[in-house]
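Enquirer: Sharing a structure here in structure tokens format.
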Ligand SMILES: C[S@@+](CC[C@H](N)C(=O)[O-])C[C@H]1O[C@@H](n2cnc3c(N)ncnc32)[C@H](O)[C@@H]1O
């Protein structure tokens, strides 16, 4: 199975309860991390933003609330996008946010066509994170901005042990109780996937990939004792 096929399958059963459970299972931190990401882009007052791996549109909606930009959200999961369109309509933001199917690895947009790009929880699902970051940077105009959010590994030994216990036991159990079988699968998958990703792509290597893609002033903030990582940078 290619990485894309795996992600499409993984997210198929999640949309209905995704937004509620993403908050509950992250102890409310997901919303905080999103606001941090949105703040890094909003400060530059972009007029157009591409939100990649938009899923059910949570980041796109946060960006629409904090900016006056037109927002395009893309994702490979039709099921997540469908739920996202419902949320956008309910939030009365259909005039500002459009959601379209697209792969982060091959975006169907001309180079330098957006003021800003955001992406969340994406790089763990692609075969070549550096090539994907280069593709995301390609569509940003010179001087435009990029910001991202993903889970991270707590650097402190005690917090890492607590994180390990949480991801290996409570997360899948709470997932299945609150969301059913699909959330058991994702709960069991996440911890090992995050560890494997940062084993191959430690933060310094990810920063190198951003810089190789033409991003400068790359900054990172490790949040919630290491549970989350927000990154930002400017296209040279
Ligand atoms: C954990 S969800 C995050 C959704 C949303 N960004 C949020 O923060 O709520 C990850 C999303 O990445 C999408 N995805 C995974 N691989 C992708 C790819 N190669 N291109 C575009 N989207 C992808 C999945 O379909 C899924 O909707």
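The values are calculated or read from the model by the stated rules, or taken from the named source; none is laboratory data. Keep in mind that what you see is a predicted model, and the values were worked out from it rather than measured. Note that each Cβ is placed from the backbone with ideal geometry, even for glycine, and that neighbours are counted across all protein chains shown.
Enquirer: Go through (1) assigned to a helix (DSSP H, G or I); (2) more than 10 Å from the ligand (Cβ to nearest atom); (3) modelled with pLDDT of 95 or more; (4) touching a helix residue (DSSP H, G or I) at 6+ places or on another chain (Cβ under 7 Å) one by one and return the number of the condition residue 71 breaks.
Expert: Against the list (1) assigned to a helix (DSSP H, G or I); (2) more than 10 Å from the ligand (Cβ to nearest atom); (3) modelled with pLDDT of 95 or more; (4) touching a helix residue (DSSP H, G or I) at 6+ places or on another chain (Cβ under 7 Å), residue 71 comes up short only on (1).
Table: residues versus (1) in contact (Cβ under 8 Å) with a residue 60 or more places away in the chain; (2) in a helix (DSSP H, G or I); (3) more than 25 Å from residue 18 (Cα to Cα); (4) over 17 Å from the mean Cα position of the chain (by Cα).
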site: 170; (1), (2), (3), (4): no, yes, no, yes
site: 175; (1), (2), (3), (4): yes, yes, no, yes
site: 193; (1), (2), (3), (4): yes, yes, no, no
site: 211; (1), (2), (3), (4): no, yes, yes, yes
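Enquirer: For residues in region 102-120 being within 15 Å of the ligand (Cβ to nearest atom) and part of a loop (DSSP other than H, G, I, E, B), which is surrounded by the most Cβ atoms within 10 Å (Cβ to Cβ)?
Expert: Restricting to residues being within 15 Å of the ligand (Cβ to nearest atom) and part of a loop (DSSP other than H, G, I, E, B), the top hit is 104.
Enquirer: Now for a different question. Residue by residue through region 26-60, note down the ones that are over 23 Å from residue 93 (Cα atoms) and either touching a helix residue (DSSP H, G or I) at 6+ places or on another chain (Cβ under 6 Å) or buried (at least 23 other Cβ atoms within 10 Å of the Cβ) (or both).
Expert: Hit for region 26-60 is 29, nothing else.
Enquirer: Looking at region 74-100 only, could you name the residues that are away from the ligand (no atom under 11 Å from the Cβ) and part of a loop (DSSP other than H, G, I, E, B)?
Expert: Those that are away from the ligand (no atom under 11 Å from the Cβ) and part of a loop (DSSP other than H, G, I, E, B): 91, 92, 93, 94, 95, 96.
Enquirer: Checking residue 128 against (1) closer than 28 Å to residue 195 by Cβ; (2) in contact (Cβ under 8 Å) with a residue 60 or more places away in the chain; (3) more than 8 Å from the ligand (Cβ to nearest atom): exactly one of these is not met. Which one?
Expert: Single failed check for residue 128: (2).
Enquirer: Let me ask you something else. When you check residue 147 against the structure, is it more than 13 Å from the ligand (Cβ to nearest atom) and over 16 Å from residue 4 (Cα atoms), yes or no?
Expert: Numbers: more than 13 Å from the ligand (Cβ to nearest atom): no; over 16 Å from residue 4 (Cα atoms): yes.
No: the conditions fail for residue 147.
Enquirer: Quick one: in region 139-163, which of the residues that are assigned to a loop (DSSP other than H, G, I, E, B) and touching a helix residue (DSSP H, G or I) at 6+ places or on another chain (Cβ under 6 Å) is surrounded by the fewest Cβ atoms within 10 Å (Cβ to Cβ)?
Expert: In this case the residue turns out to be 155.
Enquirer: A further question follows. Residue by residue through region 127-138, note down the ones that are touching a strand residue (DSSP E or B) at 6+ places or on another chain (Cβ under 9 Å) and surrounded by fewer than 21 Cβ atoms within 10 Å (Cβ to Cβ). Break it down stepwise before answering.
Expert: Residues of region 127-138 touching a strand residue (DSSP E or B) at 6+ places or on another chain (Cβ under 9 Å): 132-133, 135-137.
135, the sole residue that qualifies.
Enquirer: Whether any residue in region 27-36 is within 12 Å of the ligand (Cβ to nearest atom), part of a loop (DSSP other than H, G, I, E, B) and at pLDDT below 95 is what I want to check.
Expert: no
Enquirer: Name the residue, out of 210, 184, that is over 22 Å from residue 31 (Cβ atoms) and out of contact with any strand residue (DSSP E or B) (no Cβ under 7 Å at 6 or more places or on another chain).
Expert: 184
Enquirer: Also, I was wondering about something else. Identify, from the list 97, 71, the residue that is buried (at least 21 other Cβ atoms within 10 Å of the Cβ), over 29 Å from residue 203 (Cβ atoms) and in contact with a strand residue (DSSP E or B) (Cβ under 9 Å, 6 or more places away or on another chain).
Expert: On the way: 71 fails: over 29 Å from residue 203 (Cβ atoms).
Sole residue among the options that is buried (at least 21 other Cβ atoms within 10 Å of the Cβ), over 29 Å from residue 203 (Cβ atoms) and in contact with a strand residue (DSSP E or B) (Cβ under 9 Å, 6 or more places away or on another chain): 97.
Enquirer: Got at least one residue in region 14-24 being surrounded by fewer than 21 Cβ atoms within 10 Å (Cβ to Cβ), in a helix (DSSP H, G or I) and near the ligand (Cβ under 9 Å from one of its atoms)?
Expert: yes
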